[in-house]
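Structure first, then comments.
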Amino acid sequence: MKIIVTPLQDCYIIEPTIFEDERGYFFEKYNEKKFEELTGINCHFVQDNISKSSFGVVRGLHLQKGEHAQAKLVSCLEGKVWDVAVDLREDSPTFGKWFGIELTGENKLQLYIPRGFGHGFSVISENAVFAYKCDNYYNKKSEGSIKFNDEDLNIDWKLKEGEMILSEKDKHSPSFKDKNY
């Protein structure tokens, strides 16, 4: 396992060591002890979620607030997504900044997103199966969102706006500057 620092404070790319031969491949997807040794972060995941989406689907930007905030370890199991994390921690030097990375079933990269971040992704392949490990249980009353095309964040989703498929909630999320997310 290799840890790659992103431009956002406390947000990391995890690159697995992959063993391949004529039979296929093997890799350790996650090891809590190694993760803590390499990042200094003690994160115990309690919930795994999987979503399947088709080309053009944009999910986000989503977050859990307060005591139900979640750190996430995300990956794409099949297909290709453009994954985006936004630092919403007002005391952070990277507050209001975003980072994007292509996660695919082929590259097997993962992105660790700490608590206090917004998260979303767009599907840039025909279909994608996406996995989330979360360190806190989902709580509907604590969910929040930020408009996917917020002018202040100016996120490049790697799709044309006419290609995007959004939920009604995501179409009508509050803006970043309103801090009503």
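Miscellaneous remarks
- Matching entry among GLY56, GLY105 (being within 19 Å of SER167 (Cα to Cα) and among the small types (Gly, Ala, Ser)): GLY56
- Look at the range 21-43: where a residue is more than 22 Å from GLU106 (Cβ to Cβ), no partner that is loosely packed, with under 11 Cβ neighbours inside 10 Å and among the basic types (Lys, Arg) sits 6+ places away or on another chain with Cβ atoms under 6 Å.
- Residue selected from the range 15-42 under the condition in a loop (DSSP other than H, G, I, E, B) and touching a strand residue (DSSP E or B) at 6+ places or on another chain (Cβ under 8 Å), by the criterion surrounded by the most Cβ atoms within 10 Å (Cβ to Cβ): PRO16
- Residue tally, condition under 11 Å from the mean Cα position of the chain (by Cα) and surrounded by fewer than 19 Cβ atoms within 10 Å (Cβ to Cβ), over the range 112-131: 1
- Exactly one residue out of LEU109, LEU103 is under 21 Å from ILE41 (Cα atoms), in contact with an Asp or Glu (Cβ under 7 Å, 6 or more places away or on another chain) and of a type in the set (A, V, I, L, M), and it is LEU109.
Since every read-out is calculated from the coordinates, none of them should be taken as a lab result. These numbers were taken from a predicted model, which means no experiment stands behind them. No Cβ is skipped: glycine too gets one built from the backbone with ideal geometry, and neighbour counts run over all protein chains shown.
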